[in-house]
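Colleague: Okay, here's the structure, questions in a sec.
The values are calculated or read from the model by the stated rules, or taken from the named source; none is laboratory data. Note that the structure is a prediction, hence the values are computed from the model and not measured. No Cβ is skipped: glycine too gets one built from the backbone with ideal geometry, and neighbour counts run over all protein chains shown.
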Amino acid sequence: MIYLQLFALLVFAISSHRWIFLKSITTSIIFVLFAFWYISNMFTGYGVTDAVYYQLFNTAQGTSLDDIYSKLQVGLIFIIIILATLACSVYLKYKKKDLLPLKKTTFIWSLILISIIPSQFISNIYNSTKDTFFNDGNAAAVKKEYKKATAQLDKKYNYVFIYAESLENTFQSLDGTNYTPGLSALANKYMQFTNIRQPPIRGIGWTMAGLVNTQCGIPLIMEQGNSGASFVNFLGKADCVASWFGTQGYQTEFIRGSQKEFAGGDKFLEQHGWQSQHDKNYFAENLLATPDDVSGWGIHDDLLLKHAWDEFSRMSQQKQPFLLSLLTVNTHSPEGTFLKACENHVPKNEQYPMLASVACSDYLLTDFINRITNSPWFENTIVVLVSDHLMMANSASPLLDKVSQERRNRFIIIKKDLKPTVNNTEGTLLDVWPTVLDLSGAEVKELGFGSSLLDSKKGKLIKNYELGRTKDFFAYASQLWNYPSLNDGIKQTNNGIAIGSEEYSLPVYSAIEANGQLKALWFEAFAMNAQKVIQKDNDLFYANLCRNMNINEDGICSYIISRNSIKQVRVNSTGVASEKIINKKPILYQSDILGLSSATYTATSGAMINDRGVNLGYGFNIIKLGSTHEGISSDIDTVVNYSTCVSTTIPEDEITEFLQQQRGPVIFASNDSAVCADTAPVEKLADILHAPELSTLKFRQQVIGIYKSGHSEIMKGIPDLPFDMFIDTKNYKLITLCEAFMDCH
C-alpha cells in the first residue's frame, strides 16, 4: 500500500506546473524519510531505533562492507528518484507544462500526502526521534509490567542451567554448514526456541548482561557495562530467580571458568540467591586444575564440565532439590580455544579458528547433556541451554555478517517425555526463565519484564522495542540500582565512599537531579565522559581520593559542579568535613575542551571532544586534531598508535615526518603501559618529542602531553591508576583534574 501511495504522490507532485516547487520539495522530503526508514529497517529489522541514531553520531568502524553494500545500492536508487523529481519540476515550471490533463491535481496530491502522514514509517521515525532525543524514560509507566515471582513451586524439579558462551543458534546453519550438530540433534528431540532476538538496545549483549537478563528479567542498565565491581550492592532492588528458588528450599550453585569477581559477578550472584560459587580460584584452591587447564578466559570447558557432572551427581543423590548453573568460556571472542579433548572428534578450521572452537564446545556440551539424560536422575531434571549473547567480533565474523538479520540466540529445554517442539515465538533472553518455569508447571509465567513464550505471545521487551517504547523499561531497570541522594549523607569508608545506604568504589561521578538525587553512576574515564554526563545542563558530582588527584590531603575530595560554580566538599569517615563554593564557570561547560582518559587495559580509556570520541591503543598514541582554512578545528582527525610494549623499535623517521607535517600542535598519550621490560622505544620517543621526562616513565604509569614548536609539555599520573586530563584546544593548555575543579594548591 505504501509503495502505491508514494508512487501516486510522486506522479501528482509533477503532474501540474502549479505549485510544483512546493509539491516536489515536500515529496522529496517524504522520500528522504522513507529512504531513511527503509535502509534503517535493512539494518535493524525494526525500522529506525536508538541504535541507528547511535551509529549516525558515532564511528561506524568495524562495520562489514559486505553488510552495507546492499544498503548503499538502495540509497543510490532513492537519490536518483529525488534528483529526477527535482530536475523534472524545474523543467516543467520553466516550460509551464502539465504532465497530466487533469484538474485539481494539487488537491489530489494534498489528499495523498495527508494519507501518508499516519503511515508506519512516519510514525516510527517520529516515535524513535522522540524516544531517543526528547524522552529520558518514565519508570512509572511500566511499574505494573514488572513482575516478581511469588507463587509456590509444587513440583520440585532439579534444574541444570547452562550458559554457553556466545554459542548462538546461527552456528547450526552458517555458510551451509552445521557447526553444532550435537546440540541441534538435542534441540530436535526436545524443545527449541528459534526466535530469541538480541535487538540493538541498551542492557543486553554481553555476559554480565546475559546473566541479569535471564535471571532477573530486566536489561542491565549501567553506563559502563562491566563496572559492577564498583558497586557494593549489585542491583539491590531487583528480584531474581535464584532468590525465589531459595524460598522454595532449593540449593543453588553457580560454576564458571573465569574469576567470579569480574564485572561484579560475584556480588550479583551472592546477593541474588546463589549459595555457592565455583570459579577459577576455586579450581586452583581445591587442586582441580593445573596451569595447562587454564586459558586467558579461565578454566577449560572440558574440566569445567567434568566438575559440573561431579556436582550434578553429588547433588542429585541428596534429598534437597537444586539449581545448578554453569558458564562456559572456550568460545569467547576473538578466536576461542580448541581443546585437546576435541582432537579426533572435531576437525580444526585454519581459516576460521572460532568455528573449530564452536564445534569443540558443541561436542563437549552434547556429551555432558547426554550423560544427564542417560542418568537415573533425568526423570526429575530439566536441562536448559542458552547462549549468553550473540557472538562478538571474531575470526568467523565475515560469515556471520552475511546473515546479520538472521542471527538468533540459542535456547533449548531438555525434559524427559517432552515432545519435539519448535517454538518460533519472538522473544529475548528476558523470557527464558518464565518459559522454563511455565513448562515446569509452576504458576510463574512472568518475571521482571520477561514472560513465557509458550502461549505464543511476543515477549514484552521486543514488542515495546518495535513500538519505540524501550526507554521506560530502561528507566525502571535503572531504578533497581537504588541510586541515592547527596542529601542522604556522605562519608568515607575503608573501600570507598558511602552515600546514604549505598557504597561505591572511587572514583565515582554522576549527573545530579535538582533534589540532589544521583542519576546513573560512572566509575571510569571521567575526562572522556564528563561533558557527555553534563549535557542538558545537568549538574555533576565527582568524588575521588584527594591524593589520587595530586592534592596533598587525606580523605575524599568531592565536587558539585554547576554551570556557574563549583562546590568543593571534603569528606572523611565521619561525614562532610568542610565546604567551599567557587563562583566561576568551570571549564567542563566550555566548548572545544578535549577530555582524555588513559588507564590500564582492564578500564575504559579514550579521547572525546564535542561529542566525537576515539579509542586509544595500548602503548603510545599520537592524536592529531583536524584542520580548516582558518586553523585547527575542534575535531579528532587521526590517532596513530605505537605498541611500545610489544615492539623493541619504533619508526623514528615516520614519527618525525608526521610531526613536521602538522600545521599545529599534536597531543600524545599512553594507554595501559608505554614502557615494559625494554625502555628503548620510550627513550627514543623522549628524544623525538623533546620530552626527557618520558624516559623516566614507570610500568603502567600514564602520561599525557602536547608537542608544539619543537617542545613538549607533559603530565604524568600515578602508576597503576587511571589518569584523566583536559586540554583546551584553543590555546593548547593541559588542565589537570584539580585545575578543572579550581582546587590546586
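Colleague: Would you call SER184 at pLDDT below 95, of a type outside the set (Phe, Trp, Tyr) and part of a helix (DSSP H, G or I)?
Modeller: no
Colleague: Among the residues of segment 340-371 satisfying the criterion of being hydrophobic (A, V, I, L, M, F, W, C) and within 11 Å of LEU305 (Cβ to Cβ), which is surrounded by the fewest Cβ atoms within 10 Å (Cβ to Cβ)?
Modeller: Taking segment 340-371 and keeping what is hydrophobic (A, V, I, L, M, F, W, C), we get 341-342, 346, 354-356, 358-360, 364-365, 368-369.
Checking the rest, the ones that are also within 11 Å of LEU305 (Cβ to Cβ) come to 341, 364-365, 368-369.
Numbers: ALA341: 18, LEU364: 25, LEU365: 23, PHE368: 23, ILE369: 22.
This residue is ALA341.
Residue by residue, here is whether (1) basic (Lys, Arg); (2) closer than 23 Å to TRP244 by Cα; (3) under 23 Å from the mean Cα position of the chain (by Cα); (4) modelled with pLDDT of 95 or more holds:
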site	(1), (2), (3), (4)
PHE254	no, yes, no, yes
GLY257	no, no, yes, no
PHE262	no, no, yes, no
ALA284	no, no, no, no
LEU304	no, no, no, yes
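Colleague: Follow-up question, since we're still on this one. Which number in (1) outside any helix (DSSP H, G or I); (2) crowded, with 20+ Cβ neighbours inside 10 Å; (3) on the phi < 0 side of the Ramachandran plot marks the one condition that GLY273 misses?
Modeller: Here GLY273 meets the rest and fails (3).
Colleague: Would you be able to say whether some residue in segment 355-373 is assigned by TED's automatic domain parsing to the domain that holds PHE193, assigned to a loop (DSSP other than H, G, I, E, B) and touching a residue at least 40 places away in the same chain (Cβ under 8 Å)?
Modeller: So far as segment 355-373 goes, no, none of its residues is assigned by TED's automatic domain parsing to the domain that holds PHE193, assigned to a loop (DSSP other than H, G, I, E, B) and touching a residue at least 40 places away in the same chain (Cβ under 8 Å).
Colleague: So VAL444 ticks every box in (1) modelled with pLDDT under 95; (2) within 22 Å of LYS419 (Cα to Cα); (3) not in a loop (DSSP other than H, G, I, E, B) but one. Which box is left unticked?
Modeller: Looking at each condition in turn, VAL444 falls short on (3).
Colleague: Identify, please: which residue in segment 533-571 is over 14 Å from ASP743 (Cβ atoms) and buried (at least 16 other Cβ atoms within 10 Å of the Cβ) and is, among those, nearest to the chain's Cα centre (by Cα)?
Modeller: Restricting to residues being over 14 Å from ASP743 (Cβ atoms) and buried (at least 16 other Cβ atoms within 10 Å of the Cβ), the top hit is VAL533.
Colleague: Using beta carbons and a limit of 8 Å, which pairs, at least six apart or on different chains, have the first residue in segment 656-684 and in contact (Cβ under 8 Å) with a residue 12 or more places away in the chain and assigned by TED's automatic domain parsing to the domain that holds LEU694 and the second one outside any loop (DSSP other than H, G, I, E, B) and among the acidic types (Asp, Glu)?
Modeller: Every condition considered, the pairs that remain are LYS684/GLU652.
To keep it simple, each residue is scored yes or no on (1) within 21 Å of the chain's Cα centre (by Cα); (2) at pLDDT below 65.
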{"site": "ILE20", "(1), (2)": "no, no"}
{"site": "SER24", "(1), (2)": "no, no"}
{"site": "SER28", "(1), (2)": "no, no"}
{"site": "TRP37", "(1), (2)": "no, no"}
{"site": "THR44", "(1), (2)": "yes, yes"}
{"site": "PHE57", "(1), (2)": "yes, yes"}
{"site": "ALA60", "(1), (2)": "yes, yes"}
{"site": "LEU65", "(1), (2)": "no, yes"}
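Colleague: Still on this model: Given the criterion assigned by TED's automatic domain parsing to the domain that holds LEU625, among the hydroxyl-bearing types (Ser, Thr, Tyr) and more than 26 Å from SER591 (Cβ to Cβ), identify the matching residue among THR736, THR696.
Modeller: Going through THR736, THR696 in turn, just one is assigned by TED's automatic domain parsing to the domain that holds LEU625, among the hydroxyl-bearing types (Ser, Thr, Tyr) and more than 26 Å from SER591 (Cβ to Cβ): THR696.
Colleague: Write out, first by first residue and then by second, each pair whose Cβ atoms fall under 7 Å of each other, whose residues are 6+ apart or on separate chains, and whose first residue, in segment 155-182, is assigned by TED's automatic domain parsing to the domain that holds PRO376 and crowded, with 24+ Cβ neighbours inside 10 Å while the second is in a loop (DSSP other than H, G, I, E, B) and of a type in the set (Gly, Ala, Ser).
Modeller: Sorted first by the residue in segment 155-182, then by its partner, the pairs are SER166/SER333.
Colleague: Okay, moving on. Considering only residues of segment 502-522 that are outside any strand (DSSP E or B) and without any contact (Cβ under 8 Å) to a residue 40 or more places away in the chain, which is nearest to GLY575 (Cα to Cα)?
Modeller: GLY516
Colleague: Output the residues belonging to segment 447-464 that are assigned to a helix (DSSP H, G or I), touching a Lys or Arg at 6+ places or on another chain (Cβ under 9 Å) and not basic (Lys, Arg).
Modeller: ILE462
Colleague: Considering only segment 314-330, I want to know if a residue exists there that is assigned to a helix (DSSP H, G or I), over 16 Å from ALA164 (Cβ atoms) and without any contact (Cβ under 8 Å) to a residue 24 or more places away in the chain.
Modeller: Yes; the residues of segment 314-330 include at least one that is assigned to a helix (DSSP H, G or I), over 16 Å from ALA164 (Cβ atoms) and without any contact (Cβ under 8 Å) to a residue 24 or more places away in the chain.
Colleague: Any idea which residue in segment 144-171 is farthest from VAL346 (Cα to Cα), counting only those that are in a helix (DSSP H, G or I) and either of a type in the set (D, E, K, R) or modelled with pLDDT under 95 (or both)?
Modeller: LYS144
Colleague: Something else now. Is it the case that segment 335-345 has a residue that's assigned to a loop (DSSP other than H, G, I, E, B) and in contact (Cβ under 8 Å) with a residue 60 or more places away in the chain?
Modeller: Taking every residue of segment 335-345 in turn, at least one turns out to be assigned to a loop (DSSP other than H, G, I, E, B) and in contact (Cβ under 8 Å) with a residue 60 or more places away in the chain.
Colleague: May I pose another question? Considering only segment 429-451, how many residues are surrounded by fewer than 24 Cβ atoms within 10 Å (Cβ to Cβ) and within 11 Å of GLY217 (Cα to Cα)?
Modeller: So the count comes out to 1.
Colleague: Please determine, by comparing only the residues of segment 241-263 that are touching a strand residue (DSSP E or B) at 6+ places or on another chain (Cβ under 8 Å) and in a loop (DSSP other than H, G, I, E, B), which one is surrounded by the most Cβ atoms within 10 Å (Cβ to Cβ).
Modeller: Among those residues, the one meeting the criterion is GLY257.
Colleague: Which of the numbered conditions does GLU466 fail, given that it passes all the others? Conditions: (1) farther than 30 Å from ASN41 by Cβ; (2) in contact with a Pro (Cβ under 9 Å, 6 or more places away or on another chain); (3) among the acidic types (Asp, Glu).
Modeller: The number of the failed condition is (1).
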